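Enquirer: Dropping the structure in here first, questions after.
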Amino acid sequence: MPLCMLHGGGSRAEHFLPLMERLAKDFRVIAYDQRGFARTGTAPGQPIDHAHWASDLTGIMAALDIGSAMVLGWSMGCSVAINAAAARPEAVSGLILVGAPDPASKVDVASLRRRQAEYDVMDSFDLARRAASDLAQQLSPAAREVAGLLDGLIADRMASTPELQARTIAGFATRPDLLEAARKVRSPARLITGELDRITSLAGAQSMARALGAPEPDIVAGCGHYIAVEQPDALAALVRKRIREMAVHAVG
């Protein structure tokens, strides 16, 4: 069974390596750097936005001769997965949404523009220092003590050039109405969230579950937003369980 993984903003496909290693025996796992991130560069003038992030997923599936797949989205990747499922229901057999946003939340365009302006004048050293500060605050207390974990997240962020980081921030502002998109989704969905997530709340994940007609989210105890690297064993077990559950319901 194909399983496509969509990383979040300021990240890359390598973020999922611990999870991919644990699921490779169960699924055909596909992860890629989304448009504007890390190794998937774009020429000046080429669009970087939510519409293309969603259509890129189904385009890559077509190139790999995958008619339908389970799709796992994390953070921003949840929005991409939902938009793809709403637009191309036949291509998405089920959704696993990790660290999903509240569907009623609105994009703060003014804040994103300020952030983009800041990034426009930062060099790589300043951006790395900013990333270290931001990421350290977003990790769970236990994860902050894990050697190399923060460094890996900084490397994920800095795999994109300063120019691309600024452009992807502008792309965040193009997110369509998530509540409207979620209500169009016909694929089954399951949600997973970290107990200590400081970026997306449990209440927001619960609201997303209701919008999608999904069960209550699974909660990973003692975990923050970066579940795939903070607790990959727990996440892999939940992903495996929930995908099999959705597959059984689909057959039934």
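The values are calculated or read from the model by the stated rules, or taken from the named source; none is laboratory data. Nothing here was measured: the structure is a model prediction, and the numbers come from that model. All Cβ positions, even for glycine, are placed from backbone atoms using ideal geometry, and neighbour counts span all protein chains on display.
Enquirer: Can you name the residue in the range 91-112 that is of a type outside the set (A, V, I, L, M, F, W, C) and either closer than 19 Å to Val29 by Cα or at pLDDT below 80 (or both) and, of all such residues, is surrounded by the most Cβ atoms within 10 Å (Cβ to Cβ)?
Expert: Gly94
Enquirer: Follow-up question, since we're still on this one. Taking Val146 and the conditions (1) over 17 Å from the mean Cα position of the chain (by Cα); (2) assigned to a helix (DSSP H, G or I); (3) at pLDDT 90 or above, which numbered condition does it fall short on, given that it satisfies the others?
Expert: It is condition (2) that Val146 fails.
Enquirer: Could you tell me whether any residue of the range 79-89 is buried (at least 17 other Cβ atoms within 10 Å of the Cβ), under 27 Å from Asp218 (Cβ atoms), of a type in the set (Ser, Thr, Tyr) and touching a Pro at 6+ places or on another chain (Cβ under 8 Å)?
Expert: Yes, the range 79-89 contains at least one residue that is buried (at least 17 other Cβ atoms within 10 Å of the Cβ), under 27 Å from Asp218 (Cβ atoms), of a type in the set (Ser, Thr, Tyr) and touching a Pro at 6+ places or on another chain (Cβ under 8 Å).
Yes/no matrix, rows are residues, columns are (1) closer than 25 Å to Arg129 by Cα; (2) over 13 Å from the mean Cα position of the chain (by Cα); (3) at pLDDT 95 or above; (4) not in a helix (DSSP H, G or I):
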site: Leu3; (1), (2), (3), (4): no, yes, yes, yes
site: Met20; (1), (2), (3), (4): no, yes, yes, no
site: Ala54; (1), (2), (3), (4): no, no, yes, no
site: Ser79; (1), (2), (3), (4): no, no, yes, no
site: Asn83; (1), (2), (3), (4): no, no, yes, no
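Enquirer: Additional query: Of the conditions (1) buried (at least 21 other Cβ atoms within 10 Å of the Cβ); (2) at pLDDT 95 or above; (3) in a loop (DSSP other than H, G, I, E, B), Ile66 fails just one. Which one is it?
Expert: (1)
Enquirer: Among the candidates Ser207, Ser160, Ser187, single out the residue that is assigned to a helix (DSSP H, G or I), under 30 Å from Pro47 (Cβ atoms) and not basic (Lys, Arg).
Expert: When all the criteria are applied, what remains is Ser207.
Enquirer: What's the number of the only condition in (1) of a type in the set (Gly, Ala, Ser); (2) closer than 28 Å to Gly194 by Cα; (3) part of a loop (DSSP other than H, G, I, E, B) that Gly45 fails to meet?
Expert: (2)
Enquirer: Also, I was wondering about something else. What pairs can you find where one residue is in the range 224-239 and within 12 Å of His15 (Cβ to Cβ) and in a helix (DSSP H, G or I), the other is at pLDDT 95 or above and aromatic (Phe, Trp, Tyr), and their Cβ atoms are less than 8 Å apart, with a gap of 6+ or different chains?
Expert: Pairs that qualify, where the first residue is within 12 Å of His15 (Cβ to Cβ) and in a helix (DSSP H, G or I) and the partner is at pLDDT 95 or above and aromatic (Phe, Trp, Tyr), are Ile227/Trp74; Ala228/Phe16; Ala228/Trp74.
Enquirer: Please state which one of Ile60, Ile30 is among the β-branched types (Val, Ile, Thr) and either in contact (Cβ under 8 Å) with a residue 40 or more places away in the chain or in a helix (DSSP H, G or I) (or both).
Expert: Ile60
Enquirer: Give the range 1-43 a look and list any residue that's touching a Lys or Arg at 6+ places or on another chain (Cβ under 9 Å) and among the charged types (D, E, K, R), or say none.
Expert: Passing the criteria: Arg12, Arg22, Asp26, Asp33, Arg39.
Enquirer: Collect the residues in the range 178-214 that are touching a His at 6+ places or on another chain (Cβ under 8 Å) and over 13 Å from Ala81 (Cβ atoms), keeping them in residue-number order. Quick ask: steps written out before the conclusion?
Expert: As a first pass, look at the range 178-214 and keep what is touching a His at 6+ places or on another chain (Cβ under 8 Å): 188, 194, 197-200.
Correct list: Gly194, Asp197, Arg198, Ile199, Thr200.
Enquirer: In the range 210-223, which residues are farther than 22 Å from Asp134 by Cα and either touching a Cys at 6+ places or on another chain (Cβ under 9 Å) or not in a loop (DSSP other than H, G, I, E, B) (or both)?
Expert: Arg210, Ala211, Leu212, Asp218, Ile219
Enquirer: In the range 175-199, which residue that is β-branched (Val, Ile, Thr) and closer than 15 Å to Gly8 by Cα is surrounded by the fewest Cβ atoms within 10 Å (Cβ to Cβ)? Talk me through it step by step, then tell me what you get.
Expert: As a first pass, look at the range 175-199 and keep what is β-branched (Val, Ile, Thr): 185, 192-193, 199.
Filter again for closer than 15 Å to Gly8 by Cα, leaving 192-193, 199.
On the way: Ile192: 23, Thr193: 26, Ile199: 14.
Here the residue is Ile199.
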